[in-house]
């Protein structure tokens, strides 16, 4: 699923590892989400959206998948 | 954050190595009782070798996921899919063995029983997971 995780992360000068640590997942999971290879669970999607202060709809685009 | 939930998925990195060694000891005991202590010792050495490999094999995601300390929701999905593939391979192997046995004029044992157990297990699991939502 298309998403803005990479854009929001780099906007805040965060490394993938730092975001992964904050979310309690592996760096590879963040990388897979950013490259549209893995669609996160609803709890992780909500956690990511809350972390960046956006809505889930703003972060993930189900039309572009 | 989902850290608490993720930590529930994560296991200690000692889990798989210790489980492997424990299984090796159980195999050794069973082989010893069966009169084949050397075969049991060989199995224990194999299981201990696997335990050391998993414990000391560095920080690749695959090894950490297998070991347990690198598990998160994505690896749990990978684990689930890999388990399903392994199950399908096993069932296909059992079917091939069963048909080979029948074609050879044998009863099909123990493949028929193993296939029946697999089938019943699946038929029980479907309503259980449906009920749990």
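The values are calculated or read from the model by the stated rules, or taken from the named source; none is laboratory data. Just so you know, these numbers come straight off a predicted model, no measurement behind them. Cβ sites come from the backbone with ideal geometry, for glycine too, and all protein chains shown count toward neighbours.
Name the single residue, out of those in region B:48-65 being within 13 Å of another protein chain (Cβ to nearest Cβ) and surrounded by 14 or more Cβ atoms within 10 Å (Cβ to Cβ), that is farthest from residue B:27 (Cα to Cα).
B:61
Kindly indicate whether residue B:51 is more than 23 Å from residue A:18 (Cα to Cα), part of a helix (DSSP H, G or I) and modelled with pLDDT of 95 or more. Spell out the reasoning first.
Details: more than 23 Å from residue A:18 (Cα to Cα): yes; part of a helix (DSSP H, G or I): yes; modelled with pLDDT of 95 or more: no.
Answer is no for this residue.
With assigned to a helix (DSSP H, G or I) and either under 15 Å from the mean Cα position of the chain (by Cα) or more than 30 Å from residue A:24 (Cβ to Cβ) (or both) as the only criterion, which of B:35, B:24 stands out?
Matching residue, one of B:35, B:24: B:24.
Which condition does residue A:50 not pass, out of (1) within 13 Å of chain B (Cβ to nearest Cβ); (2) over 10 Å from the mean Cα position of the chain (by Cα); (3) surrounded by fewer than 20 Cβ atoms within 10 Å (Cβ to Cβ); (4) in a loop (DSSP other than H, G, I, E, B), if it passes all the others?
If we test residue A:50 against (1) within 13 Å of chain B (Cβ to nearest Cβ); (2) over 10 Å from the mean Cα position of the chain (by Cα); (3) surrounded by fewer than 20 Cβ atoms within 10 Å (Cβ to Cβ); (4) in a loop (DSSP other than H, G, I, E, B), just (4) comes out false.
Examine region B:47-54 for a residue that is without any contact (Cβ under 8 Å) to a residue 24 or more places away in the chain and over 29 Å from residue B:125 (Cα atoms), and state whether such a residue exists. Outline the logic, then answer.
So the first thing to find is which residues in region B:47-54 are without any contact (Cβ under 8 Å) to a residue 24 or more places away in the chain, and the list is B:49, B:53.
Cutting the leftovers down to over 29 Å from residue B:125 (Cα atoms) gives us B:49, B:53.
Yes, because at least one residue in region B:47-54 is without any contact (Cβ under 8 Å) to a residue 24 or more places away in the chain and over 29 Å from residue B:125 (Cα atoms).
Each row is one residue, and each column tells you yes or no for (1) under 30 Å from residue A:24 (Cβ atoms); (2) touching a strand residue (DSSP E or B) at 6+ places or on another chain (Cβ under 9 Å); (3) surrounded by 13 or more Cβ atoms within 10 Å (Cβ to Cβ); (4) not assigned by TED's automatic domain parsing to the domain that holds residue B:62.
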{"residue": "B:81", "(1), (2), (3), (4)": "yes, no, no, yes"}
{"residue": "B:86", "(1), (2), (3), (4)": "yes, no, no, yes"}
{"residue": "B:94", "(1), (2), (3), (4)": "no, no, yes, yes"}
{"residue": "B:99", "(1), (2), (3), (4)": "no, no, no, yes"}
{"residue": "B:102", "(1), (2), (3), (4)": "no, no, yes, yes"}
{"residue": "B:107", "(1), (2), (3), (4)": "no, no, no, yes"}
{"residue": "B:110", "(1), (2), (3), (4)": "no, no, yes, yes"}
{"residue": "B:113", "(1), (2), (3), (4)": "no, no, no, yes"}
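Could you say which residue among A:27, A:37, A:6 is facing another protein chain (nearest Cβ under 10 Å), touching a helix residue (DSSP H, G or I) at 6+ places or on another chain (Cβ under 7 Å), under 30 Å from residue B:63 (Cα atoms) and surrounded by fewer than 19 Cβ atoms within 10 Å (Cβ to Cβ)?
On the way: A:37 fails: touching a helix residue (DSSP H, G or I) at 6+ places or on another chain (Cβ under 7 Å); A:6 fails: facing another protein chain (nearest Cβ under 10 Å).
Within the list A:27, A:37, A:6, the selection yields A:27.
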